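Each remark here refers to the structure printed beneath this line.
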Amino acid sequence: MLNPGNKKFLLKSAIYLCNAKQLVLSEEAMRVITGHWLDSDKQDQELLDVYDEILEKIDRYLPLFDIRDFRNKLHKGREKFLKLNAEDKFKAIIQILKGLHDNSDTGELKDIGITVPFGQLQNNSGITLSSDTILVYQSPTGLFEKRVKISSL
């Protein structure tokens, strides 16, 4: 589903939705995430650089994560992230990526102060769609697609 403001999401129910935008990180960030350290003495800084890159990408491309104040919570969690050891920083980044992934997975980020499942996009008052919203019907293989603007229904 496409919504104004370039928010792509999948409807799970009347109150739950899933991110439908894939996060793309730099080659440098991917090197760190896959555990290829240039220098073990620089692990903490490399992991912090990845965290900061993720924050920058979320701010720029994933406004959907304003639901439940997730973007703001990640920014606030940066100070707690700094205090974690390298192993726990690595685990936190993996959990962040799990919650940001283009699916319904959620991450567990209690170590940085996020107590609800990260990425569980829920609006208890219901999901509001504007007349500009476009429903995208897609075959399981993704080969066939039909787009319908809500205002034309």
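Within region 30-61, being under 18 Å from Asp102 (Cα atoms), touching a helix residue (DSSP H, G or I) at 6+ places or on another chain (Cβ under 7 Å) and either without any contact (Cβ under 8 Å) to a residue 12 or more places away in the chain or among the aliphatic types (A, V, I, L, M) (or both) holds for Ile33, Ile54, Leu55, Ile58. Here Thr128 meets the list (1) within 23 Å of the chain's Cα centre (by Cα); (2) open to solvent by less than 100 Å² (accessible area, probe 1.4 Å); (3) without any contact (Cβ under 8 Å) to a residue 12 or more places away in the chain almost entirely, failing just condition (2). Here Arg60 does not qualify as at positive phi, of a type in the set (Lys, Arg) and surrounded by fewer than 20 Cβ atoms within 10 Å (Cβ to Cβ). Restricting attention to region 131-153, which residues are open to solvent by 40 Å² or more (accessible area, probe 1.4 Å), in a loop (DSSP other than H, G, I, E, B) and free of Cβ contacts under 8 Å to residues at least 40 places away in the same chain? The answer is Ser131, Pro140, Thr141, Leu143, Phe144, Leu153.
The values are calculated or read from the model by the stated rules, or taken from the named source; none is laboratory data. Nothing here was measured: the structure is a model prediction, and the numbers come from that model. Here Cβ is always computed from backbone atoms with ideal geometry, including for glycine, and neighbour counts include all displayed protein chains. Just the protein is used for accessible areas: all its heavy atoms, side chains included, with ligands, DNA and RNA removed. Shrake-Rupley method; radii C 1.70, N 1.55, O 1.52, S 1.80 Å.
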